[in-house]
Amino acid sequence: MRRKTSIILTALIMACSVTACQGAVSSVTKNVIEKNAADQNKETAQPEESETPVSTETELSSDEQEEQEQELYNSYIEVNNFMLGRVSDSLERYFNYVDIEQEEFALLDPDYDYFDCYSLSEYNIEEVENAYALASGKSDKSALDEAYLEMYPSLSLVISTLNDIETYTEMKSYLDDDYQKAKEFHETLMGALVEYVDAGDQFMAELDIVASERQEKAYEQMKEEGLEVFYAMNRVLDLANDIEDELYEQGVWDENILDMDLEKIQPLYDEFIENVDALIAYDGDEEKLAAEGISKYGWWDSFMRDLKDTKVSLTEVLQKVKNGEELSQFDMNSHFSGDCSLSSFDAGLSSLINDYNNIIDMG
């Protein structure tokens, strides 16, 4: 299950989810070599008396500082998307074959000598490094910066290990060495995940706080500038995210929808529907769309199709809950937008986020 939050104004979207890495039970030692080296340098390094320290810091103007903060924030969003997109998918893929409950490497099906994971791109890895460089270079670090720097070593280790596993499995090298490297990679990955899960949660919590603050300012700005369509679009995305957040807090998904507390979901759903209806009305007002820089065709059409499908998925699930009906096995196996399941609702939200970002890019 994934929780998704739209980030207004920056035209970027963050996604929050529960990954498949809960249950990792080993530990990892972090930064020992770096710390020892730093301590040794403190003891042995002697400054040259003839040299006068020269400050290399350049004082930035307020505009430059704001631009730098925006760049770092955008980088955090990209990293967050990467963590809960491709990284999460790669972990889920790996644990589809490998027993997550075991510290030592063990295939879930011993009779099936196959496992793999997804590769992680250099582009995304560079974004992780960029965020680290920007955050570590700040003299006055925020709680979000500190959380990212705390997470960075374990995230880096998870990334590098998954890529090692992907290369190893692609070449089927486990058949050559009788899974020897597989055991080593698994031990490293499980150790990294112990820190990554907690540090990642803290990073996301801090990012949520900053995102909420920026979000409120963005909504005020949209109202002031008369951006009613964009306001409704973002409210739809945010409310859909809020619904998924609430479902996550309740521990509810497709397999147990009757455990849903409708009293908490219904107000969010009602406001969600209000904004869906507003967007359907705007869909017939080409002049209004053009005034906000939105083409009536292309990605807007895609957004509206996905919006209707997403609404239908959620409406049908809530009706099942009101009728006291569980989802059928067919429903639970269906993850397509527009079908009757929370997974379908989630798939629709993913499509809406993609549509929204493309509308922004085309603007």
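The values are calculated or read from the model by the stated rules, or taken from the named source; none is laboratory data. Computed from a predicted structure; not experimentally measured. Virtual Cβ from ideal backbone geometry, glycine too; neighbours counted across all protein chains shown. Note: areas computed on protein heavy atoms with side chains; ligands, DNA, RNA excluded. Shrake-Rupley method; radii C 1.70, N 1.55, O 1.52, S 1.80 Å.
Overview of values
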quantity: Test for residue 217: is it open to solvent by 10 Å² or more (accessible area, probe 1.4 Å) and on the phi > 0 side of the Ramachandran plot; calculated: no
quantity: Selected residue (criterion: nearest to residue 341 (Cα to Cα)) from residues of the stretch 243-270 that are among the hydrophobic types (A, V, I, L, M, F, W, C) and outside any helix (DSSP H, G or I); calculated: 253
quantity: Residues of the stretch 276-291 satisfying the condition of being open to solvent by 20 Å² or more (accessible area, probe 1.4 Å) and either touching a residue at least 40 places away in the same chain (Cβ under 8 Å) or part of a helix (DSSP H, G or I) (or both); calculated: 277, 278, 280, 281, 282, 283, 286, 287, 288, 290, 291
quantity: Which listed residue is polar (S, T, N, Q) and at pLDDT below 95, from 295, 302, 313; calculated: 295
quantity: Residue satisfying all of: in the stretch 160-188; without any contact (Cβ under 8 Å) to a residue 60 or more places away in the chain and open to solvent by less than 10 Å² (accessible area, probe 1.4 Å); farthest from residue 245 (Cα to Cα) among these; calculated: 169
quantity: Residue 178, sole failed condition from (1) at pLDDT 95 or above; (2) at negative phi; calculated: (2)
quantity: Which listed residue is hydroxyl-bearing (Ser, Thr, Tyr) and either open to solvent by less than 30 Å² (accessible area, probe 1.4 Å) or in a loop (DSSP other than H, G, I, E, B) (or both), from 350, 313; calculated: 313
quantity: Neighbours by Cβ (under 9 Å, 6+ apart or cross-chain): first from the stretch 243-259, surrounded by fewer than 20 Cβ atoms within 10 Å (Cβ to Cβ); second small (Gly, Ala, Ser); calculated: 248/17; 258/324; 259/251
quantity: Residues of the stretch 139-155 that turn out to be open to solvent by less than 30 Å² (accessible area, probe 1.4 Å) and either part of a loop (DSSP other than H, G, I, E, B) or charged (D, E, K, R) (or both), as a count; calculated: 1
quantity: Residue count for the stretch 314-346, restricted to those that are of a type in the set (Gly, Ala, Ser) and either in contact (Cβ under 8 Å) with a residue 60 or more places away in the chain or under 13 Å from residue 253 (Cβ atoms) (or both); calculated: 4
quantity: From 172, 138, residue being of a type in the set (Lys, Arg) and under 15 Å from residue 71 (Cα atoms); calculated: 138
quantity: Residue identified as out of contact with any Ser or Thr (no Cβ under 9 Å at 6 or more places or on another chain) and closer than 17 Å to residue 105 by Cβ among 180, 202; calculated: 180
